[in-house]
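Just so it is clear, none of the values below were taken in a lab; they were calculated from the coordinates. The structure presented is a predicted model; accordingly, all values stated were derived computationally and were not measured. Neighbour counts are summed over all protein chains in view; Cβ atoms, including those assigned to glycine, are modelled from backbone coordinates with ideal geometry.
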Amino acid sequence: MHFYRPSEGHRLPHDPFNAIVAPRPIGWIGTLDAQGRRNLAPYSFFNALHYRPPLVGFSSNGWKGTVQNCEATREFTWNLVTRELAPVMNATSTTHDVDEFEEAGIEAAPSSEISAPRVAASPVNFECKVTQIVPLKSAEGQDVGSWFVVGEVVGIHIDERLLDDGIFDTLAADPLLRAGGPTTYYGITGDTRLDLRRPE
């Protein structure tokens with residue numbers, strides 16, 4: 001077994017932590033700032049957190065525009081990244097202070113319950129209201145310079161082509177998933193399906 005203490009370094013060509021906790025759904029987050037300017041950015045630390053009410057959350061390494069906008073407006077959208085949308089998603093990972101929708105040529109769609117914009121080409125969008133913005137800390141209680149944003153999903157848009165007898169078809173959605181290494185992403189295929197029933 002390769003053992004290491006993260007505080008002392010991993011002694012490997014690339015930090016394996018992101019690869020082990022993988023593949024991860026991508027948090028493609030749309031926001032508006034206090035002046036109504038648009039922002040769109042992908043976050044690889046993203047997931048569903050709670051069922052009812054539905055909660056999702058993403059972690060930002062640094063106080064970036066997305067977190068600042070979430071604090072100012074208390075709103076954001078999550079937009080499903082498909083393999084087809086991979087190139088434009090990647091284009092929105094810029095750190096420049098620009099309108100990523102415009103810069104990457106992405107059409108925005110209005111939301112129904114909030115003001116933050118959706119990605120029109122994405123087959124699933126969540127409209128979210130911020131419930132918490134939590135500064136992350138080390139075991140010693142020191143701030144680590146990252147913030148965890150939690151949002152309650154108050155509106156969901158689903159392309160009806162992804163509903164098979166009312167059941168969401170994850171495979172047909174073709175989600176793009178973040179994996180380890182500096183460039184690695186994955187999709188899902190039907191031959192990897194496994195069905196398990198929970199014990200009663």
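A few remarks follow.
- Which listed residue is closer than 12 Å to residue 151 by Cα and in contact with a Phe, Trp or Tyr (Cβ under 9 Å, 6 or more places away or on another chain), from 77, 66, 92: 77
- Candidates 94, 170, filtered to the one that is over 25 Å from residue 32 (Cα atoms) and among the hydroxyl-bearing types (Ser, Thr, Tyr): 170
- Any chance residue 127 is within 26 Å of residue 62 (Cβ to Cβ), touching a strand residue (DSSP E or B) at 6+ places or on another chain (Cβ under 9 Å), surrounded by 13 or more Cβ atoms within 10 Å (Cβ to Cβ) and of a type in the set (D, E, K, R): yes
- Within region 89-109, being within 26 Å of residue 54 (Cβ to Cβ) and among the β-branched types (Val, Ile, Thr) holds for 92, 106.
- One residue stands out in region 72-82 among those that are part of a loop (DSSP other than H, G, I, E, B) and in contact (Cβ under 8 Å) with a residue 60 or more places away in the chain: the one that is surrounded by the most Cβ atoms within 10 Å (Cβ to Cβ), namely 81.
- The set of residues in region 87-120 that are surrounded by fewer than 20 Cβ atoms within 10 Å (Cβ to Cβ), touching a Leu at 6+ places or on another chain (Cβ under 6 Å) and under 18 Å from residue 176 (Cα atoms) is empty.
- Candidate set from region 1-28 (those that are part of a strand (DSSP E or B) and in contact (Cβ under 8 Å) with a residue 60 or more places away in the chain); member that is surrounded by the fewest Cβ atoms within 10 Å (Cβ to Cβ): 24
- Among the residues of region 49-71, just one is of a type in the set (Gly, Ala, Ser) and part of a loop (DSSP other than H, G, I, E, B), namely 62.
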